[in-house]
1. Stick to Cα atoms and the Kirkwood definition of Rh, then tell me Rg/Rh for region 655-784.
2. Computed FRET efficiency, Cβ-Cβ of Glu79 and Asp296, R0 22 Å: what is it to the nearest 0.05?
3. Put +1 on the Cβ of every Lys and Arg and -1 on every Asp and Glu Cβ in region 622-761; which of Ile645, Gly732, Val664 then has its Cα farthest towards the positive end of the dipole?
4. Give me the one-decimal nm value for the distance between modelled label points at Glu252 and Trp227, 7 Å along each residue's Cα-to-Cβ direction.
5. Extending each Cα 7 Å along its Cβ direction at Ala545 and Thr822, get the distance between those two points in nm, one decimal.
6. Over 30 Å between Cα atoms, which of Lys229/Lys653; Lys229/Lys321; Lys321/Lys489; Lys186/Lys210; Lys321/Lys580 qualify?
7. If amide H atoms are built 1.01 Å from N in the plane of the peptide, which residues on other chains or at least 5 residues away come under 5 Å of the amide H of Thr279?
8. What is the percent of Cα-Cα separations in region 640-679 that go past 15 Å?
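The numbers here are math on the coordinates, done by the rules we state, and not lab data. Bear in mind the structure is a predicted one, so any value in this text is a computation, not a measurement. Heads up, the Cβs are rebuilt from the backbone with ideal geometry, glycines too, and the neighbour counts pull from every protein chain shown.
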Amino acid sequence: MSVDPPTCEAMRLCILLVLTGWYSLFGEVTCAALIPTEQSSEQQPSEEFILSEDDWGEDSRTHEQRYPGDVFVASSLQETIRQVDSSITNTEKLHHDEDRIRTPFEFLERLHHMSPEARKEARAAAIVEGTMQLVLERVREHNKDWVAAGDMCDIRKAISPAQRDIIADMSGCEQLAVAANCSIYKYRTADGSCNNIDNPHWGAALRPFKRFMLPKYDDGWNEPIGWEKSEYNGFPLPSPRQVSSVLLTSSETEDDPEYTHMLTEWGRFLRHDMEQTATAVGCTVLASKKKILCTDTCDNVSPCFPIAVPDDDPRINNTQKPCLPFTRSSSMCGVAVGDTSNPDDLLDREQINQVSSFIDASMVYGSSEHLAQSLRDLTTDLGLLRVQPRADVSSGLDLLPFQEEEDKPCNQDPAGGDSVPCFLAGDSRANEDNRAIASHTVWVREHNRLARVLHGLNPHWGGDRLYQEAREIVAAEIQHITFSEYLPKILGPTEMEEVGEYSEYDPDVDPSVRNSVAMAAFRLNDAATDPLVQRYDQNYEEDPAIGNVALRDTFFAPWRIVKESGIDSLVRGLIGSPAKLATPRNVIHEELTEHMFALPGHAGLDIAAITIQRGRDHGIPFYNNWRDICELLLAESFDDLSGDIPDDDIRQKLADVYGDVRNVDLWPGGLLEDHVTGGRVGPTFRCLLAAQFKAIRQGDRFWHENYGVFTAAQRAQIGRVTYARVLCDNTGVTRLQPDVFVRTDVTDMVSCDNIPGVLMEVWKETFEDSDECHNPDMNDCEQICINLVGSYLCACQDGLVLRADGRSCASCQELYPDLVSTGDFGVYDNQCFWFSPLRGDRLTYPDAQESCVLLGGKLAMIKTAGVQGFIEDFLRTNRPLDEAKYFIGLDDLLTDYFAWSDGTELGDFTNWITEHTPYYRGNYGVLLEDQQWDLTRGSVTLPYICQMDPAD
């Protein structure tokens with residue numbers, strides 16, 4: 001006898017009756033034949049579940065035999081929902097208990113604080129995972145034949161696709177998996193969705209990390225490395241604490257000979273823009289009805305994955321404390337839930353990235369619309385972010401706003417006084433230490449500075465537009481600083497050549513952060529962090545009033561910013577002191593492996609051990625596997641690593657700790673490699689980081705260099721951005737080095753007056769909107785109509801200019817056909833610019849002037865920031881770097897002043913690199929491709945640029 005399989009809708013209804021307690025009243029008759037249960041599997045003959053050949057494939061086995069876990073789904077789902085919700089409730093009660101004893105582990109949990117949106121996702125995923133694990137346990141217990149077949153970890157063989165779909169539905173996963181409704185947005189969304197129109201979830205917040213390589217889990221889909229297996233390749237897997245103590249921890253520091261601590265800080269600040277994991281939605285043991293915290297158990301029981309303390313630990317007596325607490329990261333709903341039509345189409349456990357993967361300043365603005373709105377100052381229509389006005393004791397500038405929680409989770413001044421709440425920022429990790437607070441404060445100030453400038457240029461813009469335009473510029477500035485100032489120092493010049501120049505947006509590139517980058521390759525700042533936080537005065541010496549302070553005393557201590565230092569002394573300390581140099585013999589200072597978040601009566605955490613355990617939790621394959629995909633020698637012995645880890649003692653320690661070269665974790669393996677030439681990472685991390693940053697750049701539709709995001713003039717100005725200028729504009733620092741990542745003697749630092757800035761005039765909108773373009777009786781434009789106040793203006797698409805009739809368009813090649821074969825044309829502001837050929841006859845300055853007149857124009861004069869930006873951008877894109885100098889015109893320059901005849905000062909939008917001034921007779925203007933001007937004289941010959949008169 002065979003029956004048709006029950007419909008999904010009927011099964012969902014019946015399971016809902018079970019979960020809500022109404023099954024006994026309404027479900028027994030209608031659902032008895034639909035939902036297999038433990039009891040029904042014993043009482044009903046198996047023939048009732050023989051599969052229909054048409055609908056379920058050719059299989060003579062009963063349904064129970066084919067999917068032995070189905071009979072346990074309903075009860076397991078009900079029990080798991082109770083466990084997960086109980087854990088969440090218990091955790092929330094503990095966090096709000098004012099009498100609780102705070103521990104370092106609580107601060108670690110706050111670094112992975114979950115947004116409400118992430119909490120929903122994590123709860124649903126925890127229910128799915130917990131249900132399936134419980135089903136597997138019950139199958140093992142009741143079906144000895146199935147266990148003997150070796151399938152006890154295979155979800156695909158234990159639970160039918162239909163039942164897996166029901167688990168997804170009842171847990172809430174299917175409700176969360178909604179398709180994004182995308183329009184063509186002018187600005188980024190807060191969560192990064194809809195950046196890619198065809199794949200709107202790529203790079204968005206609350207999406208899974210992606211992979212360069214398939215994950216490695218002990219059970220093939222969920223359990224982390226080391227969960228149950230004690231031996232790999234014939235050797236026991238060492239405790240992460242042992243790896244940290246023997247291979248990574250050092251009591252010494254070595255100064256980086258080239259770079260400042262600001263390089264370290266920028267790396268952390270940038271990483272917080274790109275990734276944030278979420279720990280388990282509840283931190284109490286799911287399988288227990290009691291409030292057992294992960295700090296209370298040394299058993300691997302979900303969500304706890306404690307770190308064993310070895311017998312010979314240098315600090316911790318393992319007879320008193322045999323383990324360090326650790327909570328697993330939350331995963332996405334998609335784990336092991338697939339299409340019912342394809343039972344093999346299932347996902348391995350993948351963790352949540354709470355923030356967008358793009359370099360979009362999400363750590364400033366937040367990665368959800370709710371958080372973004374809560375950070376805005378809506379008391380005005382100026383597009384500002386909330387601040388505490390003039391609260392910085394060092395400069396009188398603004399500080400971040402405070403969180404409005406009744407609970408005060410941050411540390412307080414041991415001397416007493418008014419309590420100081422945690423600061424509120426776009427990222428929950430802003431309060432991690434005082435250096436992080438300084439970085440966040442600088443960029444909130446930068447947003448508000450830009451919004452005010454934009455308001456002055458465009459007083460007709462409303463608050464929303466001012467906010468979005470300033471946000472767009474801030475993201476572009478961070479992108480440019482990252483690729484022009486930061487990455488070359490990390491990856492080295494050879495790899496930056498491989499990364500190459502920006503080409504164009506590629507919608508086929510997924511920019512999502514890869515798990516191996518988030519958990520290993522980009523966790524560099526810990527190894528380059530100095531244990532002492534320098535707080536310098538205006539002479540770049542230790543401030544005698546407040547002094548330097550140990551890093552451990554700045555963890556979650558915003559009170560020091562408010563009461564002691566403000567921001568300026570920290571910024572000077574970051575740019576005036578060296579980074580810690582990470583070497584194979586001196587990887588991470590013990591401040592972070594022995595004293596992380598230490599509290600009175602509570603020993604600190606070990607950041608190295610936590611990071612290694614997090615990698616195992618995330619299923620990151622071993623180090624040797626990554627060498628293979630990075631085209632390095634696949635090691636068969638530890639001596640095979642000698643090309644990248646040449647120190648014999650280090651390789652011997654690796655062998656002593658791991659036993660087999662195939663067992664080495666990725667993060668310590670990568671950190672122990674010698675740095676590549678000119679970089680601060682080894683070849684493995686260089687490989688992974690280069691691939692990741694290329695993907696982020698190419699897969700971002702709003703990348704600042706992508707056509708249409710900014711105008712050519714605006715792109716040119718973004719290209720002038722330096723972190724030094726940002727610090728000058730937003731702190732009380734008045735002298736610093738032009739590249740704040742490079743160590744510089746105080747005597748060689750320069751005034752902020754000599755640090756070039758962005759020319760904001762290129763963001764001025766010329767015309768306000770009106771409706772004339774919609775009037776067919778008025779609008780006779782061939783291509784584009786621009787509204788004026790009471791009128792309209794015709795314009796042309798990029799690369800074309802208006803003819804003399806004011807309505808039709810033509811290319812410069814059409815207007816000046818005799819010049820097509822001898823040079824190159826560019827268009828700016830409805831004017832053709834002709835760039836003389838590089839390989840032709842070069843002219844002296846007077847001959848170049850005369851040539852332009854004969855051709856129908858004049859030697860181009862750069863009288864606005866827009867013209868300068870256009871010319872610089874054209875040369876940078878179309879001419880080789882070795883042809884850097886071009887004649888430009890000075891005809892309209894006053895002879896006695898550094899200004900044009902209309903009064904516009906050159907100093908407002910140029911950067912002269914000579915002390916000679918134009919009023920010296922015989923000097924000629926020269927534009928250099930690196931965005932600087934110079935003056936020359938005499939008979940030098942150069943290529944030149946003609947600004948053509950309107951022609952038809």
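1. 1.20
2. So, using R0 = 22 Å, E works out to roughly 0.50.
3. The residue sitting farthest along the positive end of the dipole is Gly732.
4. 4.2 nm
5. Here the answer is 6.7 nm between the modelled labels.
6. Lys321/Lys489; Lys321/Lys580
7. Long-range HN contacts for Thr279: Ser330.
8. The share of Cα pairs beyond 15 Å in region 640-679 comes to 36 percent.
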